[in-house]
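The values are calculated or read from the model by the stated rules, or taken from the named source; none is laboratory data. Please read all numbers here as calculations on a predicted model, not as lab measurements. When we count neighbours, we look across all protein chains shown, and the Cβ atoms used for this are built from the backbone with ideal geometry, even at glycine.
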Amino acid sequence: MDPVLSPSTYLQENKARFLDELIALLRMPSVSANPAHAGDVRNTALWIKTHLEQLGADRVELVETGGHPLVYAEKIVDPALPTVLVYGHYDVQPPDPLELWNSPPFEPVVKDEKLYARGACDDKGQMFLHLKAFELMQQAGPLPVNLKFMIEGEEEVGSVNLEAFLRKYREQLKADVVLVSDTSMLANDAPSITTGLRGLSYLEVEVTGPNRDLHSGVYGGAVRNPINALSHMIASLQDDQGRITIPGFYNDVATVSEDERSAMARAPFDLKAYKAHLAIEDVAGEAGYSTLERTTIRPTLDVNGIWGGYTGEGAKTVLPSKAYAKISMRLVPNQKPEVITALFTEHFKSLAPAGTKVVVTPHHGGDPAVTPTDNPAYRAAARAMEATFGKTPIPLRSGGSIPIVALFEQILGLKTILLGFGLDSDAIHSPNEHFGLFNFYKGIETVPLFHQFFAEEMRNG
Ligand code: BES
Ligand code: MN
Ligand code: MN
């Protein structure tokens with residue numbers, strides 16, 4: 001047997017290999033949204049399964065779902081110890097627009113201490129650091145907790161088959177807390193722990209005018225143009241204060257305490273750098289709220305895509321028959337996606353001017369989540385970050401959505417710790433997605449401490 005190395009020495013000696021392994025994982029184009037990649041998605045799951053087996057995990061399983069498979073594994077060292085369920089996802093967003101990448105999305109490169117590839121941060125890099133943390137802990141001695149891993153392949157398409165899995169595997173998934181690294185921190189020198197996620201209601205609208213595309217000279221001016229109509233309808237969904245005009249939209253929005261708001265106001269958020277990073281002259285949003293508040297504790301409505309009519313080369317004078325848009329609303333506690341979807345649908349239909357017909361089709365949704373800070377798991381996470389970053393992490397809500405987090409609570413009765421190591425500037429879902437090597441290695445260093453401190457905190461009550 002190899003002599004036991006301290007975790008930091010072991011990490012130091014194996015850094016290069018860890019990075020090579022992550023690069024191999026990132027080479028696999030596990031795009032869950034694209035059926036043409038179904039084989040790649042499966043191969044990625046198999047790669048993770050094999051990797052977990054090699055790391056000495058038990059009961060490693062490729063679990064079939066109604067869609068892409070997920071990988072389950074566990075290491076039960078002592079039933080008397082607390083159990084941590086680690087969740088992550090190995091599927092990634094589509095990489096397009098390809099022409100905006102400086103290097104191909106599935107040919108990872110390291111540049112300026114950052115690893116560039118689709119999925120580098122969201123979530124392969126952040127998921128994989130848990131596997132490496134597991135490796136680190138295993139070589140240092142017996143695990144301080146029991147570990148269960150659940151790595152899914154459908155997060156980016158709404159985790160539609162996960163609810164059935166949670167119900168079916170309820171016994172097997174029994175744990176004391178869920179640990180997830182799929183969010184971001186404020187900055188590398190300002191660690192934070194995510195304490196809330198927004199929910200989501202996502203739908204598609206179709207507005208039909210005349211029964212076919214028309215000559216815009218012959219008919220223009222007399223027949224309602226569905227694209228013009230759709231633009232009006234969308235524009236009216238927000239008022240000049242940035243508030244959403246759907247009746248009842250704000251009814252269930254929980255008010256955030258003044259304490260939490262003033263804590264947010266003290267977070268080291270650099271508005272100037274934020275604007276510079278996005279090349280915008282000013283930010284915009286709901287009146288009366290800061291940028292951080294607008295992206296976390298307030299609900300939003302955004303058009304994700306809009307199309308119709310002629311969009312090819314040159315000009316074609318046409319009055320189109322149809323117009324479409326994809327619209328998403330980010331929700332906050334205690335808004336319910338089903339309720340919001342219904343309110344939107346009713347209101348949007350009522351906006352349709354004479355001469356148009358509207359169809360609204362809901363896509364996926366998800367509940368918002370807030371995670372408490374007054375429990376052993378949060379204390380363990382804060383202590384772990386404090387130890388590795390040298391700073392007390394700031395509890396901060398996030399604007400993104402991970403619908404499964406609410407289901408962990410509803411189905412398994414488990415709280416989640418969102419211990420993310422990414423940065424908002426990592427360009428997740430965008431061209432040139434990347435993950436800092438600092439962040440990858442910090443994660444590997446921090447996670448074993450979380451487990452150790454969690455065991456301690458649970459012992460001490
Ligand atoms: N990891 C993200 C969510 C996230 C990103 C949370 C950054 C906090 C900070 C996740 O993979 C994601 O992209 N979720 C989707 C929702 C899903 C239903 C497609 C999202 O937020 O758009
Ligand atoms: Mn993710
Ligand atoms: Mn994502």
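Summary of computed values
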{"read-out": "Considering residues of region 277-287 that are loosely packed, with under 13 Cβ neighbours inside 10 Å and touching a residue at least 24 places away in the same chain (Cβ under 8 Å) only, the residue nearest to Arg243 (Cα to Cα)", "value": "Ala287"}
{"read-out": "Pair list, Cβ under 8 Å, 6 or more apart: region 119-134 residue more than 12 Å from ligand 2 (Cβ to nearest atom), other residue in a loop (DSSP other than H, G, I, E, B) and aliphatic (A, V, I, L, M)", "value": "Leu131/Leu55; Phe134/Leu55; Phe134/Ala57"}
{"read-out": "Among the residues listed as Lys132, Lys168, Lys114, Lys174, the single one being more than 16 Å from ligand 1 (Cβ to nearest atom) and surrounded by 24 or more Cβ atoms within 10 Å (Cβ to Cβ)", "value": "Lys132"}
{"read-out": "Complete set of residues in region 385-400 that are touching a Leu at 6+ places or on another chain (Cβ under 7 Å) and more than 16 Å from ligand 3 (Cβ to nearest atom)", "value": "Ala387, Thr388, Ile394, Leu396"}
{"read-out": "Conditions (1) among the basic types (Lys, Arg); (2) out of contact with any Lys or Arg (no Cβ under 6 Å at 6 or more places or on another chain); (3) surrounded by 19 or more Cβ atoms within 10 Å (Cβ to Cβ); number of the one not met by Lys326", "value": "(3)"}
{"read-out": "All positions within region 78-103 that are within 11 Å of Pro431 (Cβ to Cβ) and more than 16 Å from ligand 1 (Cβ to nearest atom)", "value": "Pro97, Leu98, Glu99, Leu100, Trp101, Asn102, Ser103"}
{"read-out": "Residues being of a type outside the set (Ser, Thr, Tyr) and more than 25 Å from Ala455 (Cβ to Cβ) - total across region 377-401", "value": "4"}
{"read-out": "All positions within region 290-311 that are surrounded by fewer than 17 Cβ atoms within 10 Å (Cβ to Cβ) and farther than 30 Å from Gly209 by Cβ", "value": "Thr291"}
{"read-out": "Pairs, first under 22 Å from Thr296 (Cβ atoms) in region 317-339, second surrounded by fewer than 21 Cβ atoms within 10 Å (Cβ to Cβ) and of a type in the set (Asp, Glu), C-beta under 6 Å, six or more apart", "value": "Ser328/Asp302; Asn334/Asp252; Gln335/Asp252"}
{"read-out": "One residue from Asp78, Asp40, Asp20 being of a type outside the set (A, V, I, L, M) and in a loop (DSSP other than H, G, I, E, B)", "value": "Asp78"}
{"read-out": "Flag for Pro142 being more than 16 Å from ligand 2 (Cβ to nearest atom) and assigned by TED's automatic domain parsing to the domain that holds Ser430", "value": "yes"}
{"read-out": "Candidates Ile417, Ile394, Ile444 - the one that is within 24 Å of Glu163 (Cβ to Cβ) and in contact (Cβ under 8 Å) with a residue 40 or more places away in the chain", "value": "Ile417"}
{"read-out": "Subset of region 356-375 that is among the β-branched types (Val, Ile, Thr) and in contact with a Ser or Thr (Cβ under 7 Å, 6 or more places away or on another chain) - its residue that is farthest from ligand 1 (Cβ to nearest atom)", "value": "Thr356"}
{"read-out": "All positions within region 1-13 that are free of Cβ contacts under 8 Å to residues at least 12 places away in the same chain, in a helix (DSSP H, G or I) and not charged (D, E, K, R)", "value": "Thr9, Gln12"}
{"read-out": "Cβ-Cβ under 6 Å pairs, at least 6 apart or on other chains, region 448-461 side among the acidic types (Asp, Glu), far side crowded, with 19+ Cβ neighbours inside 10 Å", "value": "Glu457/Pro376; Glu457/Ala380"}
{"read-out": "Top-ranked residue in region 185-221 [being among the hydroxyl-bearing types (Ser, Thr, Tyr) and over 21 Å from Val157 (Cβ atoms); ranked as nearest to ligand 2 (Cβ to nearest atom)]", "value": "Thr194"}
{"read-out": "Residue in region 79-94 that is away from ligand 3 (no atom under 16 Å from the Cβ), surrounded by fewer than 23 Cβ atoms within 10 Å (Cβ to Cβ) and on the phi > 0 side of the Ramachandran plot present", "value": "no"}
{"read-out": "Search result, residues across region 115-158 that are within 16 Å of ligand 3 (Cβ to nearest atom) and in a strand (DSSP E or B)", "value": "Ile151, Glu152"}
{"read-out": "Region 1-30: number of residues that are more than 22 Å from Phe149 (Cβ to Cβ) and buried (at least 16 other Cβ atoms within 10 Å of the Cβ)", "value": "1"}
{"read-out": "Residue within region 298-311 that is out of contact with any strand residue (DSSP E or B) (no Cβ under 8 Å at 6 or more places or on another chain) and closer than 30 Å to Ser181 by Cα present", "value": "yes"}
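Listed here are the residues, each with its yes/no results for (1) in a loop (DSSP other than H, G, I, E, B); (2) on the phi > 0 side of the Ramachandran plot; (3) more than 16 Å from ligand 3 (Cβ to nearest atom).
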| residue | (1), (2), (3) |
| --- | --- |
| His363 | no, no, no |
| Tyr378 | no, no, yes |
| Ala382 | no, no, yes |
| Ile402 | yes, no, no |
| Leu414 | yes, no, yes |
| Ser425 | no, no, no |
| Asn432 | yes, yes, no |
| Phe454 | no, no, yes |
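Yes or no, residue by residue, for (1) polar (S, T, N, Q); (2) farther than 21 Å from Trp47 by Cα; (3) at pLDDT 95 or above:
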residue: Phe134; (1), (2), (3): no, no, yes
residue: Val177; (1), (2), (3): no, yes, yes
residue: Asn188; (1), (2), (3): yes, yes, yes
residue: Ile193; (1), (2), (3): no, yes, yes
